[in-house]
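Asker: Okay, handing you the structure first.
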Amino acid sequence: MHNEFPGQGEERMTISPQQLPTEHVTLKRLHSFGILKVIEDGFKQHQGAFRLICEGESELVILGKAAHVQYWLDHYDSFVKEIHKLPSSSAVGRIILGDSLTFAKDGEEWKNGRKMTAPLVSPKLERTHAAMAKAADWITERFLTAASGTEGIDDIWPICVEWAARNVLDPFIGSAISVEEGVRFVTLNHEIFFRMIQMATADNQEALRNDPELLAYQAKIRELTERALVTAEPDTMVAALAQTLDIENQPQNMVSLVNMLMGNLFGSIDNPATNLCWCLIHLARNPEVIERIQEEAEKLESVAWSIQRCPVTMAVVKESLRLTPVSPIIERTTSETVEIDGCRIDKGTNVIFSPWLIHRNHEYWENPAEFNIDRFLQLKRLDPTTYLPFGQGKRNCVGMTLSLNQLAFTLLKLCSECRFTLDPLMQMLNLRPKFDTNLHPRGVVAFQVAPHGSHPSVSSVAPQSQHSEQSTNMTP
Ligand code: HEM
């Protein structure tokens, strides 16, 4: 299946780089349709790697096949995060959050950051586990309150963000910051990131660095970190990082501490919040799956909980991440010249691997537009080249296990206590995925909720052809 690269086991031919098919896109089209629609259309036409040139300016090579991911895994160091050259989003991230793990330079800087972070994001840590349980209780209460009124939930997104914040604020920072303040910071981070990505050009590095809003924001996150350090509550991420970075004797490391802490905080709020939001949307459209989770929760009552013990709930999380991957594209830059699909891709080229294209390709997934959790219950082994919601290889998501635990735990609790459907008055167009820094629903998503044992007042509303995502235009 993966032998698509001439030169692997055969005599290499010299092929000129021009042979990679090229698509041109205007800025107007890119802005009105979005990058996902543009690469989807390009991929349909070329069915392999292609070059995308945006109005004579930036140039990307789209690598949307499983074979391309295999090549990436086999030549991991040939693809690096471009943290210096704008307009790559990693270079923008580097300006905002410096040497945080996500934007760390490949090599020693990344290795040290990963070694420091990995043990601090384990779901087994007591403080982390306690926060996870409290966040699950909180969102369940929030749903039950909505169920007891007549209004339902008019916008699920802020609830998902607050849930994600409640999962990590205490274990990462301690009580130095309130949930409201944490949520405000995350929202601000998201806005700054998105604004800067839009502003970034190949040569405005200095202007971005000195942007007054960015400077004010950086001062705020430093102040917040200093505040958390005053108490440095035991078993918090901030206390552990301060110790490893020896802040007491090496105050110059404070910059890295702020970057590491805030990088982890932001990575662990927007991503899980987005994933939860999509899980709830898919469940709301597939009420029989809510029942299946509830049955699983009942069986778990007498045994110690773990994600291995709840295959149905995990299949919901995985299927949601397949159909609506929070990170639909993964950016890299070639660190040397490579040869893919028989074409040369020069060193320094920006490339995109795309969970979005791969997860929705008929070649790898049967009826890919359907939300069908059974595909994951039947799969014996996940193929890393056809399923990559958490990235791939050594720079994959360090918080993957934490997120899977948080999501499964919460869905079990929520589905055993309530039923929910989409509000029939909501514009179904709002559900269409839209990519900004992550894959979010395009508009406000409202729910009707009822306690377990009864049904939301709108349960007669069509669950929109059970599994088919086409019926509400889930294409971008
Ligand atoms: C559903 C939730 C999540 C999703 C879908 C997700 C997705 C991803 C993806 C796709 C990558 C790889 C990016 C790339 O290769 O360019 C990544 C990396 C990363 N994620 Fe997550 N993430 C999630 C939750 C979390 C959480 C809870 C944390 C907590 C700390 C976290 C922290 C990070 C960090 C620090 C990296 C960079 C890792 C490295 O470069 O070594 N993420 N994430």
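Asker: Give me the pairs, please: first residue somewhere in region 109-123 and modelled with pLDDT of 95 or more, second residue anywhere and of a type in the set (D, E, K, R), beta-carbon distance under 6 Å, and either six or more positions apart or on two chains.
Answerer: Pairs found: 109/99.
Asker: Now a separate question. Go through region 171-182 and give me each residue that's free of Cβ contacts under 8 Å to residues at least 60 places away in the same chain and either of a type in the set (Val, Ile, Thr) or more than 20 Å from residue 97 (Cβ to Cβ) (or both).
Answerer: Answer for region 171-182, where residues must be free of Cβ contacts under 8 Å to residues at least 60 places away in the same chain and either of a type in the set (Val, Ile, Thr) or more than 20 Å from residue 97 (Cβ to Cβ) (or both): 175, 177, 178, 179, 180.
Asker: Which numbered condition trips up residue 234, out of (1) within 23 Å of residue 119 (Cα to Cα); (2) in a helix (DSSP H, G or I)?
Answerer: (2)
Asker: Of all strands (runs of 3 or more DSSP E) completely enclosed by region 332-437, which ones contain at least 2 residues that are within 16 Å of the ligand (Cβ to nearest atom) and open to solvent by less than 20 Å² (accessible area, probe 1.4 Å)?
Answerer: Passing ranges, in order: 350-353.
Asker: Of the conditions (1) of a type in the set (D, E, K, R); (2) out of contact with any strand residue (DSSP E or B) (no Cβ under 9 Å at 6 or more places or on another chain); (3) modelled with pLDDT of 95 or more, residue 436 satisfies every one except a single condition; which number is it?
Answerer: So the condition that residue 436 fails would be (3).
Asker: Got at least one residue in region 86-97 being more than 18 Å from the chain's Cα centre (by Cα), over 28 Å from residue 402 (Cα atoms) and modelled with pLDDT under 95?
Answerer: Yes: region 86-97 contains one or more residues that are more than 18 Å from the chain's Cα centre (by Cα), over 28 Å from residue 402 (Cα atoms) and modelled with pLDDT under 95.
Asker: Another one. All but one of (1) at pLDDT 95 or above; (2) farther than 17 Å from residue 172 by Cα hold for residue 259; state the number of the condition that does not hold.
Answerer: Condition (2) is where residue 259 drops out.
Asker: Within region 166-193, which residues are within 16 Å of residue 228 (Cα to Cα) and either of a type in the set (Phe, Trp, Tyr) or open to solvent by less than 20 Å² (accessible area, probe 1.4 Å) (or both)?
Answerer: 168, 169, 171, 172, 173, 174, 177, 182, 185, listed by residue number.
The values are calculated or read from the model by the stated rules, or taken from the named source; none is laboratory data. Please read these numbers as outputs of a predicted model, since none were measured by experiment. Heads up, the Cβs are rebuilt from the backbone with ideal geometry, glycines too, and the neighbour counts pull from every protein chain shown. Heavy atoms of the whole protein, side chains included, go into the accessibility calculation; ligands, DNA and RNA do not. Shrake-Rupley method; radii C 1.70, N 1.55, O 1.52, S 1.80 Å.
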